[in-house]
Amino acid sequence: MGGPPPDTFDAARPHMAALADALSGSGAIRTPQWRDAFASVPRHVLVPTWFEQEQNEKGITVWRQRRATADVRHLAAAYRDVTLVTALDPASAEQVDDTAWTGVPTSSSTLPSLMAGMLEDLSVHDGHRVLEIGTGTGYNAALLCARLGDRLVHSTDIDPDLITTARTRLAQLGYQPQLTAGDGRTTLPEGHAFDRIIATCSVPAIPQAWIEHTRPGAVIVTDIALGIEGGLVRLTVDAGRRATGRFTATTGRFMPARGTPRTYPRPHRPRPAPEADTRPTPLTASDIQAHYTLRLLLALHLPDTELVYYVDDATGTTSIQLQRDDGAWARAPFTADHTVTYGGDPGLWQQAEAARHWWNTHHRPAHDQFAYAREADGDAAVRHLPTGTVWPRAERLP
Ligand SMILES: C[S@@+](CC[C@H](N)C(=O)[O-])C[C@H]1O[C@@H](n2cnc3c(N)ncnc32)[C@H](O)[C@@H]1O
């Protein structure tokens, strides 16, 4: 675990100030309190090593380990506005050479501009008690400690090793927030009603436990995963235990909350239905890739559908493919010919085309025109505010 030597703290100060200035300049930081927090928390103490994606000499995409603290000249690397991946799923990770692995990330230090936007959206005030779901490196927890005092900060992570490491590194900075290991969807610290909950992993629905552990007026900022797409919502919990609010102007996605410490379950891939037909379509892979709100509408029109990238081994053509558990699939290539090829239910792509039609006839609305509501009984829906169009959601979390 070996933390960085204390003399690196002073060397890092200009980098901390530069990051805080850059985030203020871009508008991610909007208040002096959060500027001060970013300028006073040394990220490299909480993230001394990380993995960066690169192609190795064999053309394989690998995660190369980097270190901020070997040399003070390398400190700046920890203060870039980039996500730093810090843990890989051991079930999928394979060591490729001395410092490189393949595998699926299971923890990271989030993009600082995204953290800043979410922390601003959380609108904390002095005296607020805050719970973070997804401690990871502890950097976000440290920022909360800098802003509110460590006594009022709680943070939980599914991986007990991450909690142990974060606790040690936070203590090096003089912070002792209340850290717990557990599934932040169901197991929250007892004995407190939180004023704010911020989740840095995504959930498909707002867990009942979050509603039970907040006071009326509490704000929840989280990534809601709606299948094909999802996004950040800022919800207010009212006295009737409804949680309602909008998709935020701040955009970003997080790794999903999982039920075990270090491993994501292997996705269930159904046997694909036989290829049925190829036909012209107005919905292109490029449009889906380029337009966030279009993907959000695909998610709303096509619950229980997954979006994957499909590479045809024979032609090398990449397509966007939608697929469902019943084996239905449909894919559109990133080429100039506007066609869809599908197998199984032809309604799958027809629904996707209906989503595109809705998007176009409603003048391609911005995502923050959509609201999310979770009723007290767990029912949830997304609503387009200008027209009142509602898409109910079936997912519930205990
Ligand atoms: C993007 S990282 C969090 C970044 C962190 N806030 C930081 O500042 O470094 C997401 C974290 O969520 C954690 N996580 C995943 N599933 C979880 C769950 N069910 N409950 C709590 N934490 C979970 C992961 O272990 C991972 O550390």
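Can you work out which of the residues in segment 380-398 that are among the basic types (Lys, Arg) and in contact (Cβ under 8 Å) with a residue 60 or more places away in the chain is surrounded by the fewest Cβ atoms within 10 Å (Cβ to Cβ)?
Of segment 380-398, the ones among the basic types (Lys, Arg) are 383, 393, 396.
So of that shortlist, the ones also in contact (Cβ under 8 Å) with a residue 60 or more places away in the chain come out as 393, 396.
On the way: Arg393: 20, Arg396: 15.
That would be Arg396.
Among the residues of segment 266-293, count how many are free of Cβ contacts under 8 Å to residues at least 60 places away in the same chain, surrounded by 13 or more Cβ atoms within 10 Å (Cβ to Cβ) and of a type in the set (D, E, K, R). So the count comes out to 0. Checking every residue in segment 167-182 against the condition of being in contact (Cβ under 8 Å) with a residue 12 or more places away in the chain, closer than 24 Å to Ile224 by Cα and β-branched (Val, Ile, Thr) gives at least one match. For the subset of segment 126-138 comprising residues that are away from the ligand (no atom under 11 Å from the Cβ) and in contact (Cβ under 8 Å) with a residue 24 or more places away in the chain, which member is farthest from Met115 (Cα to Cα)? So, considering only residues that are away from the ligand (no atom under 11 Å from the Cβ) and in contact (Cβ under 8 Å) with a residue 24 or more places away in the chain, the one farthest from Met115 (Cα to Cα) is Gly127.
Screening Asp195 with (1) farther than 23 Å from Ala394 by Cβ; (2) within 14 Å of the ligand (Cβ to nearest atom); (3) acidic (Asp, Glu) gives one miss only, at (2). Does segment 139-168 hold any residues that are of a type outside the set (Val, Ile, Thr) and either at pLDDT below 95 or near the ligand (Cβ under 6 Å from one of its atoms) (or both), and which are they? Within segment 139-168, Tyr139, Asn140, Asp157, Asp159, Leu162 meet the criteria. Determine if segment 69-78 includes at least one residue that is in contact with a Pro (Cβ under 7 Å, 6 or more places away or on another chain) and modelled with pLDDT under 95. Within segment 69-78, one or more residues are in contact with a Pro (Cβ under 7 Å, 6 or more places away or on another chain) and modelled with pLDDT under 95. From the list Leu173, Leu162, Leu144, the lone residue that is within 19 Å of the chain's Cα centre (by Cα) and more than 23 Å from Pro216 (Cα to Cα) is Leu162.
From the list Arg331, Arg364, Arg356, which one is under 26 Å from the mean Cα position of the chain (by Cα) and assigned to a helix (DSSP H, G or I)? Can you show your working first?
On the way: Arg331 fails: assigned to a helix (DSSP H, G or I); Arg364 fails: assigned to a helix (DSSP H, G or I).
Step by step, each of Arg331, Arg364, Arg356 is checked, and only Arg356 is under 26 Å from the mean Cα position of the chain (by Cα) and assigned to a helix (DSSP H, G or I).
The values are calculated or read from the model by the stated rules, or taken from the named source; none is laboratory data. Just so it is clear, the structure is predicted and the values come from calculations on it, not from any experiment. Don't worry about glycine lacking a Cβ; one is built from the backbone with ideal geometry, like all the others, and counts go over all protein chains shown.
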